[in-house]
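Quick note: the coordinates plus some simple rules give every number you see, no bench work behind them. All values reported here derive from a predicted model rather than from experimental measurement. Every residue, glycine among them, receives a Cβ derived from its backbone with ideal geometry; neighbour counts consider all protein chains shown.
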Amino acid sequence: MENTLEAVISPIPLAKKNSARIALINLKESSKGVLTECFRQFGIETIPMTGDLSERLKKEKFEGCVLNMVPGAEPVMESIRTSPSNSRMVIYGLGGSVQEAMHYSKYGINAVFNEPLERPAALKLVRATQMLVLHEFRRYVRIPVITEVSVVTNEGRRFTATSQEISSGGMSLRGAEAVSPGQAVEISFALLTLPRIWVRSTVSWRKPNYKTFGIHFDPHDERRQRIKEWIDAYLEG
């Protein structure tokens, strides 16, 4: 009787929490090896996938994917962003440059692994984005995303930059144009489900050696609220 009772009241082992999964789509073996090792360090599982994956990506849940930035990638990205389960997944591009990634900006590519793929650089990128993949949104309030940003200075000078990260308070961008901290600008950009928006901003920092700079959205510009709403929806999606 005691053995029977003990069996009844014995604690049930806790189910192992499923790890985040990254789909490695049509990548060569050397790239898969490097990326698998990098993601594994952060407890992220990689799933190699080949062939026509449109239907699978619409039905099977993944937290992210890595795919080559080639013409054939566009239908795959379309399937991802129209999928009920994967529309908010983190998309990593492989190969090419940030400028080439702009061709796919409407699909919201989050980050790009450069080729040739080198482990230190790949690991650095995974480390910078892994919180987003793991859904640790409270600890990661900046969203890495690549899109074209139009900048107009208060003197009327216009130029184009590329976004790196966005938060409800501002953006980090990459561009060769000279800007100075404290300089007033107005920017415009579009993101996935967010139609083109304009918002007044101020340059908050600049790193000339890296051609990067940051902007702070004007807290008195009511248009900023649309960006905050988009970020909240993105993180909750």
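Observations
- Its Cα centre serving as origin, segment 37-112 has a Cβ charge dipole (Lys and Arg +1, Asp and Glu -1) of approximately 240 debye.
- Per-residue ellipticity at 222 nm, computed for the chain from helices alone with -39500 (n - 2.57) per DSSP H run of at least four residues, works out to -8000 deg cm²/dmol.
- Dipole of the chain, positive direction: furthest Cα of Tyr234, Ser168, His216, with charges on the beta-carbon: His216
- Treating r as the C-beta distance of Glu55 and Ala178 and R0 as 41 Å, the FRET efficiency rounds to 0.25.
- Ordering of 99-108, 144-153 by burial proxy (mean other Cβ atoms within 10 Å per residue, highest first): 144-153, 99-108
- Over the chain - Rg/Rh using Cα atoms and the Kirkwood inverse-distance radius: 1.07
- Here's the picture: charge each Lys and Arg Cβ at +1 and each Asp and Glu Cβ at -1 in the chain, and of Val126, Thr202, Pro71 the one pushed furthest to the positive end of that dipole is Thr202.
- Cα gyration tensor, segment 24-118 - rounded (a/c under 1.5), prolate or oblate: oblate
- Segment 26-103-segment 167-237 distance, computed between alpha-carbon centres (Å): 26
- Residue pairs, from the table Lys59/Lys124; Lys32/Lys228; Lys59/Lys106; Lys28/Lys124; Lys28/Lys61; Lys28/Lys58, whose Cα atoms sit over 25 Å apart: Lys59/Lys124; Lys32/Lys228
- Arg200 sits among other residues whose Cβ lies under 12 Å from its own Cβ, and their net charge, with Lys and Arg +1 and Asp and Glu -1, is -2.
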